[in-house]
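Here is the structure we will look at.
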């Protein structure tokens, strides 16, 4: 499915290729995006750690998990498992698949995870002080069941099952790391552009990529890589030549969204905007966002809810074009209740300002004020 056809007829002008001495998304920027606060990182590690005796074989590790968790893991790996299968059969089938596909998925994992795997080499288990392990070290390889974390008193034992150890030999190859670096940048573009557009076609991805990056990639080349990247990444998914924000959960939601997209050319982001939208789907430094945050900070939310999370959801409402009534229902869900008409009026004013300053997914990344003038 291609939505870039006929762009000349609707006023599209090809943007000039801008060559830069370095990629838009540097390794430093990508690593920073994976960092979490120490308290949150500790909580995440403890949540995934098994308080059991460490074992070093894959079947043994998988057996420690519940059947429900194993079924979710099978779904992540796109392994079709009959619902009636017993746990032992599920473990065996899943383990066989994971051993066979570990080497294929390795170059699509984050570089931080892969560097951590260098610690293993000839040993299937390593012991680390609790404070010596970061969640970003193991995030993806642990989530996909290749790495297993065991908590023992004041330390962690991290296990890479011995069946997978032989595949680590590729980590010594320079060509492997070049692939990893390219895949990280492709993923960063997918995150940034899906944050900007919600849904975009592969042709638009190629246009933006080739404007800034030294590698001149065709849509077909990009698609081959995104299909594999989508198997191990979280913030977007790929379907029928479309890169889709994880805001959308089903193909039906995407189809409904596309029916309402205005048939205009995509907004062409700058280098700086790509980096900005890599972090959030909205400009968190805009005056409208600052004004809304200042207003919301005067309220205390119940149940430990954070104002920042509410701000994210309000901005999402602007981006996807929700009605004001939907936004007030959102405030009710967060337990934020206004005490008078003045507060309601002020919030409505601030939301209108925010709404006008947000790039809309249904406008293919354009500001509503810009399209009104055209």
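Laboratory data are not the source of any read-out in this text; all were calculated from the coordinates shown. Please read these numbers as outputs of a predicted model, since none were measured by experiment. All Cβ positions, even for glycine, are placed from backbone atoms using ideal geometry, and neighbour counts span all protein chains on display.
Using only alpha carbon pairs under 8 Å that are at least six residues apart, calculate the relative contact order of the chain and give it in whole percent. Contact order relative to length: 19 percent. When the square roots of the Cα gyration tensor eigenvalues are ordered a ≥ b ≥ c, the ratio a/c for segment 287-358 is under 1.5, which makes its shape rounded.
By the count of other C-beta atoms within 10 Å, a proxy for reagent exposure, 357, 245, 33, 297 are ordered fewest to most as 297, 33, 357, 245. Computed over segment 174-279, relative contact order equals 37 percent, with contacts defined as Cα pairs under 8 Å that lie 6+ residues apart. Considering helices alone, the calculated mean residue ellipticity of the chain at 222 nm is -15500 deg cm²/dmol, with DSSP H runs of length four and up weighted by -39500 (n - 2.57) and normalised per residue. Global size of segment 49-170: 13.9, 42 Å for Rg and Dmax (C-alpha atoms, Rg to one decimal, Dmax whole). Over segment 174-279, the ratio between the Cα radius of gyration and 2.2 N^0.38 Å evaluates to 1.04. The stretch between residue 53 and residue 104 holds 15.4 nm of extra length on full extension. This uses 0.36 nm per residue minus the Cα-Cα distance.
Take the chain, connect every pair of alpha-carbon atoms lying under 10 Å apart with a spring to form a Gaussian network, then pick out the residue of 306, 204, 353 with the largest mean-square fluctuation. Among 306, 204, 353, the largest mean-square fluctuation in the Gaussian network model of the chain belongs to 306.
Residues 122, 96, 326 in ascending order of nearby Cβ atoms (within 10 Å, fewest first): 122, 326, 96. The simple Förster model, with R0 at 25 Å and r as the Cβ-Cβ distance, assigns residue 309 and residue 31 a FRET efficiency of 0.55. Counting every other Cβ atom within 10 Å of each residue's Cβ, 27, 129 order from fewest to most as 129, 27. P(r) for the chain, from all Cα pairs and a bin width of 20 Å, is 24, 52, 23, 1 %, short bins first.
Taking 0.36 nm per residue of separation and subtracting the current Cα-Cα distance, fully stretching the chain between residue 329 and residue 69 would add 90.3 nm.
Comparing 31, 185, 86 in a Gaussian network model of the chain, where Cα atoms under 10 Å apart are tied by springs, the biggest mean-square fluctuation is seen for 86.
Please build a GNM for the chain, connecting alpha carbons under 10 Å apart, and tell me which residue among 342, 92, 273 fluctuates the most. Maximum among the listed residues: 342.
Orientation-averaged projection of segment 65-126 equals 5.1 nm² [convex hull of Cα atoms, one quarter of hull surface area].
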